[in-house]
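The values are calculated or read from the model by the stated rules, or taken from the named source; none is laboratory data. What you see is a predicted model; the values in this text were computed from it and never measured. Don't worry about glycine lacking a Cβ; one is built from the backbone with ideal geometry, like all the others, and counts go over all protein chains shown. Ligands, DNA and RNA are excluded from the accessible area calculation, which covers all protein heavy atoms including side chains. Shrake-Rupley method; radii C 1.70, N 1.55, O 1.52, S 1.80 Å.
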Amino acid sequence: MAKLKVDGKEIEVPDHFTLLQACEEAGAEVPRFCFHERLSVAGNCRMCLIEVKGGPPKPAASCAMGVRDLRPGPNGEAPEVFTNTPMVKKAREGVMEFLLINHPLDCPICDQGGECDLQDQAMAFGIDSSRYQENKRAVEDKYIGPLVKTVMNRCIHCTRCVRFTTEVAGIAELGLIGRGEDAEITTYLEQAMTSELQGNVVDLCPVGALTSKPFAFTARPWELNKTESIDVMDAVGSAIRVDTRGREVMRIMPRVNEEINEEWISDKTRFIWDGLKTQRLDRPYVKKDGRLQPASWSEAFQAVKAAVAKTSGDKIGAIAGDLASVEEMYALKELISALGSQNLDCRQDGAALDPSLGRASYIFNPTIQGIESADALLIIGSNPRFEASVLNARIRKRYRMGNFPIAVIGEQSELRYGYEYLGAGTDTLAELVAGKAKFLATLKKAQRPLIIVGQGGLAGEGGAAVLANAAKLAVAIGAVSAEWNGFAVLHNAAARVGGLDLGFVPGEGGKSAAEMLAAMDVLFLLGADEIDLSRKKAGFTVYIGSHGDNGAHAADVILPGATYTEKSGTWVNTEGRVQIGNRAGFAPGEAREDWAIIRALSDVLGKKLPFDSLGELRAKLYAAHPHFAEVDALTAAGSDEIAALGQKAGEMAKSVFASPIKDFYLTNPIARASAVMAECSALARNNFKAAAE
């Protein structure tokens with residue numbers, strides 16, 4: 001720790017702090033454009049100038065000078081800095097005058113208006129006139145893809161976007177070319193950006209040079225209602241803010257959550273919102289004469305009642321989709337159980353995950369933040385870049401710290417960091433477990449080794465053996481101990497951990513999702529669109545969901561539900577953290593919240609569920625499963641469960657691990673309804689073909 005005085009106030013801060021951070025710690029406001037806590041120091045906007053006592057007779061850039069660079073006074077007094085002297089005031093006014101020489105007067109038509117750092121700091125630290133009469137320079141706008149709009153006349157060359165793409169996203173797509181007034185930010189050969197995190201440059205840009213292209217000219221920030229919620233596009237559970245105007249979602253922004261997403265979100269999370277209002281199911285439908293016809297709620301319920309009356313409980317089943325909240329899965333489980341059925345499954349892909357093996361066998365035990373504590377990593381059957389983009393950025397962050405060997409078993413793809421490729425499937429994993437592979441020594445030498453097991457290794461008939469062998473390997477290398485649990489299952493479906501916690505899996509004698517497609521007389525699909533419905537032979541299918549996607553096309557009755565922005569719901573992320581998403585708007589037309597649909601249907605079926613409101617439902621849920629009441633808390637799972645799982649390891653059937661994500665932009669019904677995601681998908685396919693050629 002180091003002591004210093006800021007504007008006469010003595011403080012103690014860590015000695016790795018910059019002067020800017022020290023001043024902020026003391027409560028002084030220091031303006032900045034180029035400095036960002038999560039990016040390297042550039043020191044090129046000069047807005048953060050302060051005065052250092054005993055230093056040279058000129059202001060110093062506080063972002064580029066560290067606390068340890070200060071010298072004590074002649075008698076050993078604490079070093080002193082000032083943020084509000086006449087010298088500092090004049091210097092900042094001069095810097096602002098320089099910044100505004102070429103900046104256009106675009107505020108009335110700029111999408112950044114109302115949220116612009118340049119506006120705010122010009123008001124607080126600038127002056128009301130300029131001595132410069134020369135014409136402003138003009139810079140050609142660049143095409144950098146369908147997501148980020150450029151107006152490069154406004155750029156002040158802070159290089160935040162350049163540093164983000166290079167350091168956090170892991171691909172040097174943006175750079176600064178030229179010098180002086182010819183300097184420009186551009187992509188290589190002015191091609192579209194390819195990073196799945198590129199939308200974050202919109203938040204980073206302190207002016208209106210980089211803005212959201214889909215959001216352009218649609219709303220002003222002060223018109224929007226802002227609702228804090230949780231993302232469900234993957235299983236990371238990123239903290240987001242949903243901005244709405246009336247009933248319409250206008251944009252989705254990240255919130256800071258150091259334990260999960262820091263302040264980044266993926267492009268799918270950010271730009272999915274146009275899919276929330278297209279291809280929506282806004283009224284019930286019943287199939288008549290081979291075609292789905294609009295119907296009333298009572299007609300739809302009676303059709304379901306008639307189908308259920310014709311069969312027995314063991315011929316009724318339910319499959320939960322990847323976006324379902326805990327509340328609706330709990331309600332559906334209670335209804336199916338009341339009908340006398342054990343046929344439940346939340347694992348559309350057939351992943352070999354079973355709650356009976358213990359919670360530690362299916363969650364990301366070391367936690368997302370814990371990745372930064374690991375010192376070696378083995379990835380089995382996963383492509384974290386597409387399955388959990390924000391988590392992959394955390395792996396890259398640890399990789400950039402150094403001394404972090406990474407190895408991969410599965411697909412050999414670009415992960416945005418260097419790794420050692422060991423092999424494609426079970427043969428390689430078997431070699432590691434048998435102690436023959438060369439990377440084993442690295443894992444054993446590590447103090448905190450980390451093994452990430454993805455759904456690509458767990459799906460299919462051999463998934464259980466892969467999971468058990470991965471657990472056996474984790475125990476063998478010392479990844480599981482009282483201080484550290486490095487066994488991590490990476491999910492890609494937001495609903496999966498919550499479903500497993502609920503026990504939404506086949507009971508005694510119950511059938512799995514794949515078996516239900518062929519064997520059920522009545523099949524309930526709760527937003528289940530990712531399962532191969534071409535193999536469906538079920539007699540009568542009820543689809544409860546929000547979009548006209550795969551499940552709706554195969555349905556005999558459609559009951560229109562709400563999306564994640566239209567209901568208050570609980571989701572559990574891949575590390576087992578319970579999170580609550582809040583309702584930002586209302587579902588269109590006659591669509592209702594999913595739990596309410598199931599509750600109303602239960603009444604018609606004569607199996608009335610014992611709750612009439614969301615509060616009553618949650619009370620029943622918390623009584624049956626108390627850990628759901630512990631919102632935003634992490635409970636460490638037992639490491640002995642992993643040891644027990646490892647003891648079940650046997651011979652694995654030969655197979656190759658393939659990531660379940662074939663197209664990052666089209667993984668769920670909302671994404672497939674989004675025109676923006678369709679454009680991104682087409683661009684990604686073209687880039688892949690060009691790279692292959």
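Check region 237-250 and report whether any residue there is open to solvent by 10 Å² or more (accessible area, probe 1.4 Å) and more than 21 Å from Ala591 (Cβ to Cβ). For region 237-250, residues open to solvent by 10 Å² or more (accessible area, probe 1.4 Å) and more than 21 Å from Ala591 (Cβ to Cβ): present. Note on region 314-336: among residues that are open to solvent by less than 10 Å² (accessible area, probe 1.4 Å) and part of a loop (DSSP other than H, G, I, E, B), the one that is farthest from Leu609 (Cα to Cα) is Gly321.
For region 113-145, the tally of residues that are over 30 Å from Arg398 (Cα atoms) and part of a loop (DSSP other than H, G, I, E, B) stands at 22. Considering every residue within region 398-416, establish whether at least one is open to solvent by 40 Å² or more (accessible area, probe 1.4 Å), touching a strand residue (DSSP E or B) at 6+ places or on another chain (Cβ under 8 Å), under 30 Å from Leu666 (Cα atoms) and part of a helix (DSSP H, G or I). Within region 398-416, one or more residues are open to solvent by 40 Å² or more (accessible area, probe 1.4 Å), touching a strand residue (DSSP E or B) at 6+ places or on another chain (Cβ under 8 Å), under 30 Å from Leu666 (Cα atoms) and part of a helix (DSSP H, G or I). Determine whether region 486-496 contains at least one residue that is of a type in the set (D, E, K, R) and crowded, with 23+ Cβ neighbours inside 10 Å. Yes, region 486-496 contains at least one residue that is of a type in the set (D, E, K, R) and crowded, with 23+ Cβ neighbours inside 10 Å. Among residues of region 434-468 being open to solvent by 10 Å² or more (accessible area, probe 1.4 Å) and part of a helix (DSSP H, G or I), the one that is nearest to Pro384 (Cα to Cα) is Gly456. Within region 156-179, residues that are free of Cβ contacts under 8 Å to residues at least 24 places away in the same chain sit with their Cβ atoms under 9 Å from residues that are of a type in the set (Phe, Trp, Tyr) and surrounded by fewer than 16 Cβ atoms within 10 Å (Cβ to Cβ), at 6+ positions apart or across chains, in these pairs: Ala172/Tyr188; Gly175/Tyr188. For Met329, the conditions (1) at pLDDT 95 or above; (2) over 14 Å from Ile598 (Cα atoms) are fulfilled apart from (2). Screening region 77-129 for residues that are touching an Asp or Glu at 6+ places or on another chain (Cβ under 7 Å) and of a type outside the set (A, V, I, L, M, F, W, C) and picking the one that is nearest to Lys213 (Cα to Cα) gives Gly126. The set of residues in region 343-357 being of a type in the set (Gly, Ala, Ser) and open to solvent by less than 10 Å² (accessible area, probe 1.4 Å) consists of Ala351 alone.
Applying the criterion of being small (Gly, Ala, Ser) and within 22 Å of Met87 (Cβ to Cβ) to the residues of region 1-23, the residue that is most open to solvent (accessible area, probe 1.4 Å) is Gly8. Every condition in (1) under 30 Å from Ile395 (Cα atoms); (2) out of contact with any Leu (no Cβ under 7 Å at 6 or more places or on another chain); (3) crowded, with 19+ Cβ neighbours inside 10 Å holds for Arg154 except the one numbered (1). Just one of the listed residues (Thr186, Thr218, Thr194, Thr211) is more than 17 Å from Thr563 (Cβ to Cβ) and loosely packed, with under 15 Cβ neighbours inside 10 Å, and it is Thr218. Considering only residues in region 52-80 that are outside any loop (DSSP other than H, G, I, E, B) and either in contact with a strand residue (DSSP E or B) (Cβ under 7 Å, 6 or more places away or on another chain) or under 11 Å from Leu4 (Cα atoms) (or both), the one that is most open to solvent (accessible area, probe 1.4 Å) turns out to be Arg68. Does at least one position in region 538-549 carry a residue that is modelled with pLDDT under 90 and closer than 24 Å to Ser325 by Cα? Looking through region 538-549, none of the residues is modelled with pLDDT under 90 and closer than 24 Å to Ser325 by Cα. Counting only helices (runs of 4 or more DSSP H) wholly contained in region 588-666, the ones carrying 1 or more residues that are open to solvent by less than 70 Å² (accessible area, probe 1.4 Å), under 30 Å from Tyr285 (Cα atoms) and in contact (Cβ under 8 Å) with a residue 12 or more places away in the chain occupy 594-604, 614-624. With respect to being part of a helix (DSSP H, G or I), more than 28 Å from Lys305 (Cβ to Cβ) and open to solvent by less than 20 Å² (accessible area, probe 1.4 Å), Ala552 falls outside the description.
Report whether or not Pro284 is surrounded by fewer than 16 Cβ atoms within 10 Å (Cβ to Cβ) and modelled with pLDDT of 95 or more. Against the criterion (surrounded by fewer than 16 Cβ atoms within 10 Å (Cβ to Cβ) and modelled with pLDDT of 95 or more), Pro284 does not qualify. For region 677-689, the count of residues that are part of a loop (DSSP other than H, G, I, E, B), open to solvent by less than 40 Å² (accessible area, probe 1.4 Å), out of contact with any His (no Cβ under 9 Å at 6 or more places or on another chain) and of a type outside the set (A, V, I, L, M, F, W, C) is zero.
The number of residues in region 24-51 that are in contact with a helix residue (DSSP H, G or I) (Cβ under 8 Å, 6 or more places away or on another chain), part of a loop (DSSP other than H, G, I, E, B) and either surrounded by 17 or more Cβ atoms within 10 Å (Cβ to Cβ) or among the small types (Gly, Ala, Ser) (or both) comes to 14.
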